[in-house]
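The values are calculated or read from the model by the stated rules, or taken from the named source; none is laboratory data. Predicted model only: the values in this text are computed from it and were never measured. Counting neighbours? That spans all protein chains shown, and the Cβs are built from the backbone with ideal geometry, glycine included.
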Amino acid sequence: MTATVAAASAGTGASGTYTVTIPTGTANGDLLIAVNTSDSSTLAASPIPTGFTALSTASYDGGANSIHVAIGYRIASSEPASYTFTVGTGSDNAGCLLRVTGHDTTPTIAQVAPSAFAAAGAVVAPSIVPNTATDLLICFACSDGANGTGTVTWTPPSGMTEQVDTQSATFTSLTVASLQNPSNPSGTKTFTSSPGNDHGGACTISIKSAAAGGTPAVPVYQTSQYGSFH
């Protein structure tokens, strides 16, 4: 079984908190990836939701009052209808949840240091060495608006599938793309924005598949005195 992004959901917020609904079809044992991006305050002020384990190496910290990308994961278990994401003071945030299936149960997630970029039309996510040839590669790009012109839309890297393209008002924008069976190393992956974007960051992770010798996730069903719920 090869890991894949089975579903995704996104949300945005400009103060306090915002919510992102659980991706369609989420079941116990699925791997959930959470991303919370911001354009101000600090990385610590816009963390991943409670219950997720941080992928600190892959996350991007642009420093005070700049772009930040917080990334984390959890194994789904009796999931709520949505998760609450925190917005740092003075920030506009965009976030998402990815539902991954076909992963090994450890899970094994390779990380690489993120890359920063200045205002440009192209954003380059860093290369990574996958765990195996059947990994799931996921790249993230985030920018602080569209050079003052409002809405920004993204074109994913060649050969990759776009999973998320969202923006908080005319400010923080987030896009996510995935690729099964990446090269080793994966090589850099270039996102293109229209119009050009302000400064930001790009991140890359690689998730090991059950097909690579890991153990596939097995759903755990709640039981009652009447038996199990399926």
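If you check Leu136 against the conditions, is it hydrophobic (A, V, I, L, M, F, W, C), crowded, with 23+ Cβ neighbours inside 10 Å and over 23 Å from Thr84 (Cα atoms)? Talk me through it step by step, then tell me what you get.
On the way: hydrophobic (A, V, I, L, M, F, W, C): yes; crowded, with 23+ Cβ neighbours inside 10 Å: yes; over 23 Å from Thr84 (Cα atoms): yes.
For Leu136, the condition - hydrophobic (A, V, I, L, M, F, W, C), crowded, with 23+ Cβ neighbours inside 10 Å and over 23 Å from Thr84 (Cα atoms) - is met.
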Open item on the list: Looking only at residues that are modelled with pLDDT of 95 or more and over 8 Å from Arg99 (Cα atoms) in segment 1-12, which one is surrounded by the fewest Cβ atoms within 10 Å (Cβ to Cβ)?
Closed with: Thr4
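If you take the residues of segment 102-130 that are in contact with a helix residue (DSSP H, G or I) (Cβ under 8 Å, 6 or more places away or on another chain) and either part of a strand (DSSP E or B) or at negative phi (or both), which of them is surrounded by the most Cβ atoms within 10 Å (Cβ to Cβ)?
Restricting attention to segment 102-130, the residues satisfying the condition of being in contact with a helix residue (DSSP H, G or I) (Cβ under 8 Å, 6 or more places away or on another chain) are 102-105.
Then drop every residue that is not either part of a strand (DSSP E or B) or at negative phi (or both), which leaves 103-105.
Working: His103: 30, Asp104: 23, Thr105: 14.
That would be His103.
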TODO: State all residues of segment 54-63 that are surrounded by 20 or more Cβ atoms within 10 Å (Cβ to Cβ) and not in a loop (DSSP other than H, G, I, E, B); if no residue qualifies, say none.
DONE: Tyr60
- [ ] Tell me, please, whether a residue that is closer than 18 Å to Val5 by Cα and buried (at least 21 other Cβ atoms within 10 Å of the Cβ) can be found in segment 166-175.
- [x] yes
Task: Spans of strands (runs of 3 or more DSSP E) in segment 131-210 with at least 3 residues within 15 Å of the chain's Cα centre (by Cα) - done: 136-144, 161-167, 172-180, 200-207
- [ ] Give the residues of segment 80-102 that are more than 16 Å from Thr17 (Cα to Cα) and at pLDDT below 95, sorted by residue number.
- [x] none
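Return yes or no: is Ala133 closer than 23 Å to Ser91 by Cα and small (Gly, Ala, Ser)? Before you say what the answer is, go through the steps one by one.
Values: closer than 23 Å to Ser91 by Cα: no; small (Gly, Ala, Ser): yes.
For Ala133, the condition - closer than 23 Å to Ser91 by Cα and small (Gly, Ala, Ser) - is not met.
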Open item on the list: Condition first: touching a strand residue (DSSP E or B) at 6+ places or on another chain (Cβ under 7 Å), surrounded by fewer than 23 Cβ atoms within 10 Å (Cβ to Cβ) and part of a loop (DSSP other than H, G, I, E, B). Now tell me which residues in segment 80-101 satisfy that.
Closed with: Ala81, Gly88
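When the residues of segment 27-38 are narrowed to those that are within 16 Å of the chain's Cα centre (by Cα) and over 18 Å from Gly201 (Cβ atoms), which ends up surrounded by the fewest Cβ atoms within 10 Å (Cβ to Cβ)? Spell out how you get there, then give the answer.
Pass one, segment 27-38, residues within 16 Å of the chain's Cα centre (by Cα): 30-38.
Remaining after also requiring over 18 Å from Gly201 (Cβ atoms): 30-32.
Numbers: Asp30: 24, Leu31: 24, Leu32: 22.
Among them, the one singled out is Leu32.
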Open item on the list: Looking at Ser41, Ser77, Ser15, Ser66 in this structure, which one is at pLDDT 95 or above, over 17 Å from the mean Cα position of the chain (by Cα) and surrounded by fewer than 20 Cβ atoms within 10 Å (Cβ to Cβ)?
Closed with: Ser77
